[in-house]
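The values are calculated or read from the model by the stated rules, or taken from the named source; none is laboratory data. For clarity, every value in this text was computed on a predicted model and none was experimentally measured. Here the Cβ positions follow ideal geometry from the backbone for every residue, glycine too, while neighbour counts run over all protein chains shown. These accessible areas exclude ligands, DNA and RNA; they are computed on the full protein's heavy atoms, side chains included. Shrake-Rupley method; radii C 1.70, N 1.55, O 1.52, S 1.80 Å.
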There are 2 protein chains.
Amino acid sequence: MSVQERKERERAARERLIVATARELAEQQGWDAVTTRRLADRIEYSQPVLYSHFRGKREIIGAVALQGAAEMAAAVRAAALAAAGPRTRVTALARAYLDFAERNPAVYDAMFQLDGGLAFAAEDTPEPLKDAFAALLESLGEVAGDGVHPGLFTEVFWAALHGLATLTRAGRLPPAEAERRVELLVERLAMA
Amino acid sequence: MSVQERKERERAARERLIVATARELAEQQGWDAVTTRRLADRIEYSQPVLYSHFRGKREIIGAVALQGAAEMAAAVRAAALAAAGPRTRVTALARAYLDFAERNPAVYDAMFQLDGGLAFAAEDTPEPLKDAFAALLESLGEVAGDGVHPGLFTEVFWAALHGLATLTRAGRLPPAEAERRVELLVERLAMA
DNA sequence: GGTTCGATTCTAGCACCGCTAGACAATCGA
DNA sequence: TCGATTGTCTAGCGGTGCTAGAATCGAACC
């Protein structure tokens with residue numbers, strides 16, 4: 001009985017170790033460096049062990065993505081909570097979002113650039129993903145403006161943030177004026 | 001003399017064939033299917049021939065990206081030219097951009113999602129890329145609004161379009177309301 | 001026209017990838 | 001203590017991007 005439970009605990013711990021190690025390796029050297037061999041080596045198990053926890057590499061990426069979604073939701077909510085009015089709340093939210101993307105590039109990639117085998121905008125979308133969107137909606141909905149559907153507005157605002165995040169990180173936009181771009185975006189999109 | 005020229009022509013033709021074939025294969029089956037072996041097979045040459053034209057696979061992706069940038073610039077300009085006022089011009093531009101991304105997903109990926117080894121927002125940025133941005137700037141600059149730097153405004157608008165394009169295609173945004181999102185974006189961002 | 005020689009192309013192979021079958025070892029229940 | 005079950009590993013498959021060196025071709029000269 002207790003033996004069974006101990007095994008399950010150990011197994012769960014190992015699974016967390018795999019995800020944490022994959023994330024760490026990805027942040028350190030990029031997702032290309034996250035090979036099943038290297039990952040297995042780091043957790044000090046052989047390759048097939050990974051496949052007893054996950055169907056394959058993409059599912060590991062998906063696990064990192066879910067973890068990231070939860071953290072991002074928390075970060076966004078924390079930033080929004082610390083701000084006073086709707087307008088400053090949106091600015092804080094935008095900064096928090098972009099800050100998260102900049103500080104966790106590999107996790108952000110797992111969430112939005114790589115194929116983690118996750119469903120989006122569907123019934124079987126995992127809870128953390130839906131919640132991350134909900135976190136955006138909470139603050140953005142109140143500045144959608146009259147007659148504008150809050151969900152639709154959130155999608156547009158989110159897309160803009162996503163575009164800024166990815167283009168900036170890919171070197172497509174000069175980093176120097178990132179802050180001015182955020183200000184312009186909020187000023188125009190958010191109806192105070 | 002003429003022999004040398006003929007050889008150069010043939011060589012240039014083969015290079016175009018490589019790029020066109022890579023693009024075609026990528027659009028048909030995705031970039032994952034574009035392996036050096038398959039590509040070599042399709043052009044009816046052996047693998048090493050590819051490496052006498054390009055340093056590696058990433059440079060082939062880069063070549064497709066440049067081709068795509070030129071086409072996108074043309075598409076955007078054509079759409080803008082056919083529209084009357086500044087506001088309708090911007091709407092037409094946005095639709096043309098998203099339409100290009102949707103109809104040429106592999107090319108769009110080569111331009112913005114994959115590593116084609118191209119420099120951006122720098123001195124050594126290839127001409128087609130600078131020109132594509134210029135095409136956006138031409139129409140977007142006139143709706144930047146008072147006191148807003150046209151370049152900065154273009155960057156923000158472009159980022160929003162890029163976000164919509166990528167999130168939609170990745171299944172992160174429901175395709176049904178794409179048009180409404182464009183309308184909302186233009187309505188808010190563009191100062192008529 | 002035959003021969004030489006340089007440019008061009010190919011064959012074969014490297015190290016690595018994601019993934020898996022089957023051998024082996026450790027652990028549990030009787 | 002023994003047998004069965006569970007867990008883990010070794011070894012290997014077919015694939016990847018890329019390259020060294022062999023082989024072939026074709027242009028130029030005698």
Subject >> Test: residue A:108 is hydroxyl-bearing (Ser, Thr, Tyr), within 14 Å of another protein chain (Cβ to nearest Cβ) and more than 15 Å from residue A:157 (Cα to Cα) >> reply: yes
**OP:** Taking only segment B:105-115 into account, find how many residues are farther than 19 Å from residue A:160 by Cα and either aliphatic (A, V, I, L, M) or crowded, with 21+ Cβ neighbours inside 10 Å (or both).
**Re:** 4
Original post:
residue B:15 fails exactly one of the following numbered conditions: (1) of a type in the set (Asp, Glu); (2) buried (at least 18 other Cβ atoms within 10 Å of the Cβ); (3) not assigned by TED's automatic domain parsing to the domain that holds residue B:180. What is the number of that condition?
Top reply: (2)
Original post:
Does residue A:90 count as among the β-branched types (Val, Ile, Thr), open to solvent by less than 10 Å² (accessible area, probe 1.4 Å) and closer than 21 Å to residue B:153 by Cα?
Top reply: yes
Original post:
What residue, among those in segment B:130-153 that are surrounded by fewer than 21 Cβ atoms within 10 Å (Cβ to Cβ) and touching a residue at least 60 places away in the same chain (Cβ under 8 Å), is nearest to residue B:90 (Cα to Cα)?
Top reply: B:138
Original post:
Which of the residues that make up segment B:25-69 are more than 17 Å from residue B:11 (Cβ to Cβ), small (Gly, Ala, Ser), touching a residue at least 40 places away in the same chain (Cβ under 8 Å) and open to solvent by 10 Å² or more (accessible area, probe 1.4 Å)?
Top reply: B:30
**OP:** Hey, could you check segment B:123-181 for residues that are closer than 23 Å to residue A:119 by Cα and part of a loop (DSSP other than H, G, I, E, B) and say which is farthest from the other protein chains (Cβ to nearest Cβ)?
**Re:** B:170
Subject >> In segment A:182-192, the residues that are buried (at least 21 other Cβ atoms within 10 Å of the Cβ) and more than 7 Å from chain B (Cβ to nearest Cβ) >> reply: A:186, A:190
Subject >> Which numbered condition residue B:165 misses (of (1) within 20 Å of the chain's Cα centre (by Cα); (2) closer than 18 Å to residue A:148 by Cβ) >> reply: (2)
